[in-house]
1. Going residue by residue through region 88-98, is there one that turns out to be in contact (Cβ under 8 Å) with a residue 60 or more places away in the chain and among the hydrophobic types (A, V, I, L, M, F, W, C)?
2. Would a scan of region 32-51 turn up a residue that is of a type in the set (Lys, Arg) and at pLDDT 95 or above?
3. Hey, ILE240 hits all of (1) at pLDDT below 95; (2) among the β-branched types (Val, Ile, Thr); (3) more than 23 Å from GLN34 (Cα to Cα) but one; which does it fall short on?
4. Any idea which of (1) touching a helix residue (DSSP H, G or I) at 6+ places or on another chain (Cβ under 6 Å); (2) more than 23 Å from ARG29 (Cα to Cα); (3) of a type in the set (Lys, Arg) is the one ARG138 doesn't satisfy?
5. Quick one: would you say VAL69 is of a type in the set (Val, Ile, Thr), buried (at least 21 other Cβ atoms within 10 Å of the Cβ), assigned to a loop (DSSP other than H, G, I, E, B) and touching a residue at least 60 places away in the same chain (Cβ under 8 Å)?
6. Every residue in region 55-80 that is of a type in the set (A, V, I, L, M, F, W, C) and either under 29 Å from SER22 (Cβ atoms) or at pLDDT below 95 (or both), please.
7. When residues of region 93-124 are filtered for being surrounded by 19 or more Cβ atoms within 10 Å (Cβ to Cβ), touching a strand residue (DSSP E or B) at 6+ places or on another chain (Cβ under 7 Å) and of a type in the set (Val, Ile, Thr), how many remain?
8. If only one of VAL61, VAL43 is touching a Pro at 6+ places or on another chain (Cβ under 8 Å), among the aliphatic types (A, V, I, L, M) and assigned by TED's automatic domain parsing to the domain that holds GLY233, which one is it?
Amino acid sequence: MSLAFLSTQGAVEGVVAPLASSPMERVARAAGAQFVFRAGWNVAASYGSAQREREACAEAVGWVDLSHVGKLEVQGAPDQLVALGSELAGREVAAAGGGATPIGSGWWCPMAATRVLVLLPPGGGDELRETIAEALPRLAPSASLVDLTSALASLVIVGPRAREVIARFCALDLRPAASQVGSFHPGSVARTPGGILHEGPDRFRLLFGSALGEYLWTVVADAAEQFGGRPVGDEVLMEIDRETDGTSAHA
């Protein structure tokens with residue numbers, strides 16, 4: 001796997017440290033992104049006009065690069081994974097095919113009976129990561145835990161035209177009758193392996209291999225711009241989250 005997404009631009013307390021970059025940073029920068037250093041990553045925080053970005057999310061569609069948000073893969077025996085997920089969620093979780101379950105501000109997403117993808121809360125994943133590491137020996141002693149944050153890229157597509165945009169390049173059925181908040185759809189995303197999490201009303205998170213980041217950005221942009229869509233910084237998404245539930249998962 002290429003390590004081109006790592007650079008040495010970041011510094012913490014005078015010590016030069018690797019700065020992780022989204023595989024979509026180049027195209028985001030070309031689109032006018034303004035970046036901030038956050039939790040070891042160079043993050044596209046805004047695109048110059050928060051008002052226009054909010055209008056896109058409210059009236060048409062916006063897409064947000066969340067590749068910096070933590071992603072963990074847990075593999076193990078099905079009964080052990082259910083036990084682990086149920087403790088994290090505070091209620092029984094479904095096995096493969098039963099949809100995703102919120103775990104705090106993160107998500108427990110079964111990919112198969114023996115494999116789960118855990119999406120950590122944006123900006124607040126350390127606590128959940130530590131909780132999983134502590135619970136694993138007790139509840140899933142034979143399971144493995146791998147950090148896939150740099151291996152998987154992610155785009156959130158949000159707005160009333162989100163379904164129409166995704167339908168332009170993806171055959172997964174996201175119609176209301178087939179997909180509700182919490183539905184998780186592993187499968188082909190723009191003819192590449194990945195998955196889509198229906199994480200809120202008119203809001204979908206696309207997951208795909210980092211090596212295909214620029215390709216997916218271009219595909220999404222081509223589809224979204226037909227509906228008046230535009231790229232959106234994660235700061236606007238944070239504001240929307242705070243207004244929606246009174247808290248920020250992106251702190």
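The values are calculated or read from the model by the stated rules, or taken from the named source; none is laboratory data. Note that the structure is predicted; figures quoted are calculated from it, not measured. Cβ coordinates were reconstructed from backbone atoms using ideal geometry, including for glycine residues, and neighbour counts include every protein chain displayed.
1. Filtering region 88-98 for residues in contact (Cβ under 8 Å) with a residue 60 or more places away in the chain gives none.
So far as region 88-98 goes, no, none of its residues is in contact (Cβ under 8 Å) with a residue 60 or more places away in the chain and among the hydrophobic types (A, V, I, L, M, F, W, C).
2. Looking through region 32-51, none of the residues is of a type in the set (Lys, Arg) and at pLDDT 95 or above.
3. Going through the list (1) at pLDDT below 95; (2) among the β-branched types (Val, Ile, Thr); (3) more than 23 Å from GLN34 (Cα to Cα), ILE240 breaks only (3).
4. Here ARG138 meets the rest and fails (1).
5. On the way: of a type in the set (Val, Ile, Thr): yes; buried (at least 21 other Cβ atoms within 10 Å of the Cβ): yes; assigned to a loop (DSSP other than H, G, I, E, B): yes; touching a residue at least 60 places away in the same chain (Cβ under 8 Å): yes.
In short, yes.
6. First, the residues of region 55-80 that are of a type in the set (A, V, I, L, M, F, W, C): 56-58, 60-61, 63-64, 66, 69, 72, 74, 77.
Answer for region 55-80, where residues must be of a type in the set (A, V, I, L, M, F, W, C) and either under 29 Å from SER22 (Cβ atoms) or at pLDDT below 95 (or both): ALA56, CYS57, ALA58, ALA60, VAL61, TRP63, VAL64, LEU66, VAL69, LEU72, VAL74.
7. The number of residues fulfilling the criteria is 4.
8. Values: VAL43 fails: touching a Pro at 6+ places or on another chain (Cβ under 8 Å).
The conditions single out VAL61.
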